[in-house]
Amino acid sequence: MSRWFAALTGPLLLAFAAAAAAVPPPGVPIAAVLTVQAAVHTALKRSPALAGVRAEARALAQVPAQVGSLPDPRLSFNAVNLPTDTFDTAREPMTQLRVGVSQAIPFPGKLGLRADAARFRAQAADQAVSERRLRLIRDVRRAWWQTFYLDRALDTVAGNLDLMRQFVQIAQTKYRVGRGLQQDVLLAQLELSRLLDRQVRLRAARRAQAARLDALLNRPTDTPVRLPRRSATDLPAPPPERALLADADRDRPLLAAQRRLIAAAGSRVALARRDYLPDFTLGAAYGLRAGRNPNGTGRVNLATFMFSMRIPLYAATKQARAVDQRDAELIAARHTFEDLRDRVHAQVSVSLADYRRSREEFVLFRTGILPQARQTVQAMLAGYQVSKVDFLNLVRAQTTLYNYETRYWQSLANARRALADLDAAVGKENLP
């Protein structure tokens, strides 16, 4: 083998060995390394959407005590039987200045049912906070792993660009000394241009994905995002689907919230039925009288006691319709629960299928396809050095290896994203 050829293939072999090494994505400013755990912690601490849902839950938690309390009593002041010609409070014996107090009292059990309905609604709001938290964790994990994939894809394309530049140099040198073809030079330059185009598109996708991750962390979307250059590649075997569905029925906050809403609707039905029973009002008043009786004695003050009750005279058009309304709302809440449970089960099944597929692809790439593709490129390179393999096949082999390396990282990211979906669907916060 001539000296010039050995001088070129030596750097080529070194470049090939470094093709899979991690390289910081070009154009990404240096920043603190953001792990997936740190990203989730930051999002949970800073998310305005989560804070808003928590505030709504706190607001609803104040309602049960309000609706479960008696109405405020009424205090009244009255001038009774006052003559309009003189407005003299001492002239007429029936004239009095009256002060009174009254208290409305709902029929026993109504206040408790109102408080129950409000309490169940507040509990549903608490579950909504947990559901929003799960979704935020899922979204952050998905965004983080997509960004991680783009970083690894940029690493891969950077290593392949170095290799392809070596290919161009070899093809040009062989062509100049009459041992190569011009089409080999053009082919190498074309593949180099394709890789550069791929790099441009990956960089754009990485910037967009980093902006999405920044938005989830509630920080400016131009904040640099720097992820670890390595991450765990172990993918746990998933539990049986039946067990996951049972876990979702038990743990998913979305379903727990709807169960609370069903309970609230049931309390409102009971309250509507109890509304046939009357409410009461109790009161007492004290009347002050001025002046004297004809016999010269002072006029005595008067006491008044009151009792009133509401009569459901129009029950057919009011209370009966209210019961029908609340019954329909309860039925609707139950149907909503069934629909949500079906959707949750579908989410679990789809996410599990996606995870299994991506996990199997990742294992296949790691244990079979990638080692075989690397061996193929090494064999092609050795054959090309002794002119037993044409340049086109060498380029094709290297391009195939690049595609497999990219798909290797994509399958890992897809598996992790599917696992994030699965955890959220089941109702767990497992990391990473």
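For the range 272-303, name all the residues that are over 17 Å from Tyr314 (Cα atoms) and either outside any strand (DSSP E or B) or among the charged types (D, E, K, R) (or both).
Just the residues of the range 272-303 that are over 17 Å from Tyr314 (Cα atoms), to begin with: 280-303.
If the condition is that a residue be over 17 Å from Tyr314 (Cα atoms) and either outside any strand (DSSP E or B) or among the charged types (D, E, K, R) (or both), then Arg289, Ala290, Gly291, Arg292, Asn293, Pro294, Asn295, Gly296, Thr297, Arg299, Val300, Asn301 are the ones that fit.
Kindly list, by first and then second residue, each pair from a residue in the range 357-378 that is small (Gly, Ala, Ser) to a residue that is not in a helix (DSSP H, G or I), limited to pairs with Cβ atoms under 9 Å and residues at least 6 apart or on different chains.
Ser358/Leu235
On the given criteria, is Leu97 touching a residue at least 40 places away in the same chain (Cβ under 8 Å), more than 30 Å from Ala424 (Cα to Cα) and in a strand (DSSP E or B)?
On the way: touching a residue at least 40 places away in the same chain (Cβ under 8 Å): yes; more than 30 Å from Ala424 (Cα to Cα): yes; in a strand (DSSP E or B): yes.
Taking the combined requirement at face value, the residue satisfies it.
Can you tell me how many residues within the range 235-252 are more than 30 Å from Arg366 (Cα to Cα), of a type in the set (Gly, Ala, Ser) and more than 19 Å from the chain's Cα centre (by Cα)? Show your work before the answer.
To start, the set of residues in the range 235-252 that are more than 30 Å from Arg366 (Cα to Cα) comprises 245-252.
Narrowing the set further to residues that are of a type in the set (Gly, Ala, Ser) leaves 246, 248.
Remaining after also requiring more than 19 Å from the chain's Cα centre (by Cα): 246.
Residues that pass the stated criteria total 1.
What tally of residues in the range 74-94 results from selecting those that are part of a loop (DSSP other than H, G, I, E, B) and either modelled with pLDDT of 95 or more or not assigned by TED's automatic domain parsing to the domain that holds Asn293 (or both)? Outline the logic, then answer.
Our first condition is that a residue be part of a loop (DSSP other than H, G, I, E, B); within the range 74-94, this holds for 81-94.
Those left that are additionally either modelled with pLDDT of 95 or more or not assigned by TED's automatic domain parsing to the domain that holds Asn293 (or both): none.
Looking only at that region, the number is 0.
Being among the hydroxyl-bearing types (Ser, Thr, Tyr), in the same structural domain as Ala117 (by TED's automatic domain parsing) and either in contact with a Pro (Cβ under 8 Å, 6 or more places away or on another chain) or at pLDDT below 95 (or both) narrows it down to one residue among Thr336, Thr367, Thr297; which is it?
Working: Thr336 fails: either in contact with a Pro (Cβ under 8 Å, 6 or more places away or on another chain) or at pLDDT below 95 (or both); Thr297 fails: in the same structural domain as Ala117 (by TED's automatic domain parsing).
Only one candidate passes the filter, namely Thr367.
Of Ala19, Ala57, Ala15, which residue is in contact with a helix residue (DSSP H, G or I) (Cβ under 6 Å, 6 or more places away or on another chain) and at pLDDT 95 or above?
Ala57
Considering every residue within the range 284-293, establish whether at least one is farther than 30 Å from Leu419 by Cα, surrounded by fewer than 13 Cβ atoms within 10 Å (Cβ to Cβ) and not assigned by TED's automatic domain parsing to the domain that holds Arg407. Spell out how you get there, then give the answer.
Narrowing the range 284-293 to residues farther than 30 Å from Leu419 by Cα: 284-293.
From what is left, the residues that are surrounded by fewer than 13 Cβ atoms within 10 Å (Cβ to Cβ) are 292-293.
Subset that is not assigned by TED's automatic domain parsing to the domain that holds Arg407: 292-293.
Yes, that holds for at least one residue.
Only one of these is among the acidic types (Asp, Glu), in a loop (DSSP other than H, G, I, E, B) and at pLDDT below 90: Asp184, Asp234. Name it.
Just one listed residue meets the conditions, Asp234.
Answer yes or no as to whether Asp214 is in the same structural domain as Arg343 (by TED's automatic domain parsing), under 30 Å from Ser411 (Cβ atoms) and either out of contact with any helix residue (DSSP H, G or I) (no Cβ under 7 Å at 6 or more places or on another chain) or without any contact (Cβ under 8 Å) to a residue 60 or more places away in the chain (or both).
Taking the combined requirement at face value, the residue satisfies it.
Residue-by-condition table, conditions (1) farther than 30 Å from Asp324 by Cα; (2) in a helix (DSSP H, G or I); (3) at pLDDT below 95; (4) not assigned by TED's automatic domain parsing to the domain that holds Tyr355:
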position: Asp162; (1), (2), (3), (4): yes, yes, yes, no
position: Lys174; (1), (2), (3), (4): yes, yes, yes, no
position: Ala188; (1), (2), (3), (4): yes, yes, yes, no
position: Leu192; (1), (2), (3), (4): yes, yes, yes, no
position: Pro224; (1), (2), (3), (4): yes, no, yes, no
position: Ala263; (1), (2), (3), (4): no, yes, no, no
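Kindly indicate which of Leu136, Leu70 is under 30 Å from Val225 (Cβ atoms), of a type in the set (A, V, I, L, M, F, W, C) and touching a Leu at 6+ places or on another chain (Cβ under 8 Å).
On the way: Leu70 fails: under 30 Å from Val225 (Cβ atoms).
Answer to the selection: Leu136.
Assess whether Leu277 counts as being touching a residue at least 24 places away in the same chain (Cβ under 8 Å) and either more than 30 Å from Gln103 (Cβ to Cβ) or aliphatic (A, V, I, L, M) (or both). Break it down into steps so the answer makes sense when it comes.
Values: touching a residue at least 24 places away in the same chain (Cβ under 8 Å): yes; either more than 30 Å from Gln103 (Cβ to Cβ) or aliphatic (A, V, I, L, M) (or both): yes.
Considered against the rule, which asks whether it is touching a residue at least 24 places away in the same chain (Cβ under 8 Å) and either more than 30 Å from Gln103 (Cβ to Cβ) or aliphatic (A, V, I, L, M) (or both), Leu277 comes out as yes.
So is Leu202 more than 27 Å from the chain's Cα centre (by Cα), within 30 Å of Leu392 (Cα to Cα), in a helix (DSSP H, G or I) and without any contact (Cβ under 8 Å) to a residue 60 or more places away in the chain or not? It would help to see each step written out before you state the result.
Values: more than 27 Å from the chain's Cα centre (by Cα): no; within 30 Å of Leu392 (Cα to Cα): yes; in a helix (DSSP H, G or I): yes; without any contact (Cβ under 8 Å) to a residue 60 or more places away in the chain: yes.
The answer is no for Leu202.
Search the range 67-77 for residues being in contact (Cβ under 8 Å) with a residue 24 or more places away in the chain and not hydroxyl-bearing (Ser, Thr, Tyr), and hand back the single one that is surrounded by the most Cβ atoms within 10 Å (Cβ to Cβ). Walk me through it before giving the result.
First, the residues of the range 67-77 that are in contact (Cβ under 8 Å) with a residue 24 or more places away in the chain: 67-71, 73-76.
From what is left, the residues that are not hydroxyl-bearing (Ser, Thr, Tyr) are 67-68, 70-71, 73-75.
Numbers: Val67: 15, Gly68: 17, Leu70: 10, Pro71: 12, Pro73: 11, Arg74: 12, Leu75: 9.
Top of the filtered list is Gly68.
Okay, residues lined up against (1) surrounded by 14 or more Cβ atoms within 10 Å (Cβ to Cβ); (2) more than 30 Å from Tyr276 (Cβ to Cβ):
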residue: Ala79; (1), (2): no, yes
residue: Thr86; (1), (2): no, yes
residue: Glu92; (1), (2): yes, yes
residue: Gln96; (1), (2): yes, yes
residue: Ala104; (1), (2): yes, no
residue: Phe107; (1), (2): yes, no
residue: Gly112; (1), (2): yes, no
residue: Ala115; (1), (2): yes, no
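The values are calculated or read from the model by the stated rules, or taken from the named source; none is laboratory data. Source: prediction; values computed, not measured. Cβ: placed from backbone, ideal geometry, glycine included. Neighbour counts: every protein chain shown.
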